[in-house]
1. Keeping all protein chains in place, calculate the accessible area per residue for the range 47-174 (probe 1.4 angstrom), answer in Å².
2. Given contacts defined as C-alpha pairs under 8 Å and at least six residues apart, what's the relative contact order of the chain, whole-number percent?
3. Could you give the size of the charge dipole of the chain about its Cα centre, using +1 on the Cβ of each K and R and -1 on the Cβ of each D and E, expressed in debye and rounded to the nearest 20?
4. First check a/c for the range 2-108, with a ≥ b ≥ c the square roots of the eigenvalues of its C-alpha gyration tensor; if it is under 1.5, answer rounded, and if not, answer prolate when a/b is larger than b/c or oblate otherwise.
5. Which whole-angstrom value gives the distance between the alpha carbon centres of the range 11-79 and the range 116-171?
6. So for each of 112-124, 88-100 I average, over its residues, the number of other beta carbons within 10 Å; can you give me the resulting order with the highest mean first?
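The values are calculated or read from the model by the stated rules, or taken from the named source; none is laboratory data. Everything quoted here is computed from the prediction, not taken from an experiment. Cβ sites come from the backbone with ideal geometry, for glycine too, and all protein chains shown count toward neighbours. Ligands, DNA and RNA are excluded from the accessible area calculation, which covers all protein heavy atoms including side chains. Shrake-Rupley method; radii C 1.70, N 1.55, O 1.52, S 1.80 Å.
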Amino acid sequence: CGGGEPELYRSRTTVRFDDLSASYVEFPYAVDHLSGELRVQDDRLEIVGVEGRAGDARVRVSGHVALDAAESADAEVMIVAEGAKFDSTLIAALPENIRTSVAALHPSGPFDLETTVTVDPQTGQTAPRSTVTLRGASVRPDGFPVEITDLEGRVRVDSSAIEVDGVEGRYRGATVTA
């Protein structure tokens, strides 16, 4: 309500769903067999206990989004994927600004992902931050055309940087670290 008028009512809605399919328009990678709840109270959406599958990965989503962007652009959504695998569908869904770099690595194999998407209430800027935990993945970089296998470790990605943290793999019996 605005203009100092008394608030006459408050709205609350809960939507429960089971076996839903969805994808985010900015990351068109389908998540299937979704179940969970969306709770709307006044101008706030809460994502509660949402779980599904994306390929072999188990996906969980939680968080909140302000629905009245004119008043506040506040949002924080956490996405966790366990047992994901690099494939062409995933790479095609990546934002263009990182798709080319990732595709040039020719990644394959398993990983876990933890992404937090926040929106600064003051500026309205979206700030995604991701941690990719490699679980035996492989790469064959265009610039260094050898296959590095059995990669373990973390890669952190945000809007301004990619940070490699303790990544270790194998090349023909030799250990490779980054």
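1. Details: 7330 Å² over 128 residues.
On a per-residue basis, 57 Å².
2. Working: 411 pairs, mean separation 21.2, N = 178.
Relative contact order comes out at 12 percent.
3. The dipole of the chain has a size of about 600 debye.
4. Working: a/c = 3.77, a/b = 1.87, b/c = 2.01.
Oblate, since a/c reaches 1.5 and b/c is not below a/b.
5. Between the Cα centre of the range 11-79 and that of the range 116-171, the gap is 24 Å.
6. On the way: 112-124: 14.9, 88-100: 12.5.
Highest-to-lowest ranking by the protection proxy: 112-124, 88-100.
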